[in-house]
1. Take the residues in segment 83-101 that are more than 22 Å from residue 148 (Cβ to Cβ) and open to solvent by 30 Å² or more (accessible area, probe 1.4 Å); name whichever of them is modelled with the lowest pLDDT.
2. Determine which member of the set 48, 33 is over 26 Å from residue 108 (Cβ atoms) and within 20 Å of the chain's Cα centre (by Cα).
3. Condition first: open to solvent by 70 Å² or more (accessible area, probe 1.4 Å) and among the charged types (D, E, K, R). Now tell me which residues in segment 22-38 satisfy that.
4. Which count do you get for residues in segment 145-163 that are more than 20 Å from residue 51 (Cα to Cα) and at pLDDT 95 or above?
5. May I ask you to verify whether residue 189 is closer than 23 Å to residue 77 by Cα, open to solvent by 30 Å² or more (accessible area, probe 1.4 Å), in contact with a Ser or Thr (Cβ under 9 Å, 6 or more places away or on another chain) and of a type outside the set (Ser, Thr, Tyr)?
6. Tell me which residues, restricted to segment 149-170, are touching a helix residue (DSSP H, G or I) at 6+ places or on another chain (Cβ under 8 Å), of a type outside the set (A, V, I, L, M) and at negative phi.
7. Which residue pairs have Cβ atoms under 8 Å apart, sit 6 or more places apart or on different chains, and have a first residue in segment 47-62 that is under 16 Å from residue 73 (Cα atoms) and a second that is part of a helix (DSSP H, G or I) and of a type in the set (Val, Ile, Thr)?
8. Suppose the filter is under 17 Å from residue 183 (Cβ atoms) and loosely packed, with under 12 Cβ neighbours inside 10 Å; does residue 14 pass it?
Amino acid sequence: MTLLQIMPDDAPETVRVRTADLDVIHRELLRIGVRLVRWHAARRLPVGADDATVMKAYRSHIDHLRAEGGYRVVDIVRLMCPPTDTGEHRQACPARERFSREHVHDDDLVRFVAAGTACFSLHVVGQVYAVLCTAGDLLSVPGRTPHWFDAGARPSCTAIRFLQRADQGAPRFLPDGVALRFPTHDDLLATPGH
């Protein structure tokens, strides 16, 4: 279930909005220039579908968005626990460590969650908008919006990434980022009422 939680950037324990109502989520995100839409696959995806199968299932949506946004690069990003990640020998996911810090990109952030869940936290006008995306959610965030990303301690997320330039460049991490004070992907899922 898609979820939005909005908190003041100086009081992460204060929840101003928490909703799974897609109409409310759309309205709140549009106020800050962010778009969330739902895509439906042309056919049911099998568990563990390979990249070609995922791309084929969403081809009409992908082609439309590429033409609309001028995206030159469309690829698949998978965040998964390492296969040897069992029991007490769990390894930290390097991507989780890196992208859970507040940062910005010059270009728009456009991601479609094809499988699993992912949380995009946006730091805009004195508030943090934590958007928990599930399979079928496309999130489009304007460039230079401070944000961070988390797919949980045991990530299982397949996303389609849209880039306007192949050399998009590295994210710029903010030295005084607020990310560590806010709920994580796992915190949002564990909160009663979800």
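1. 89
2. One residue alone meets the criteria, 48.
3. 23, 27, 31, 35, 38
4. Qualifying residue count for the region: 6.
5. yes
6. 149, 150, 155, 158, 162, 164
7. So the pair list comes out as 55/62.
8. yes
The values are calculated or read from the model by the stated rules, or taken from the named source; none is laboratory data. What you are looking at is a predicted structure, and each value in this text was computed from that prediction instead of being measured. Glycine gets a Cβ as well: all are built from the backbone with ideal geometry, and neighbour counts include every protein chain shown. Side chains are part of the model used for accessible areas, which takes the heavy atoms of the whole protein and leaves out ligands, DNA and RNA. Shrake-Rupley method; radii C 1.70, N 1.55, O 1.52, S 1.80 Å.
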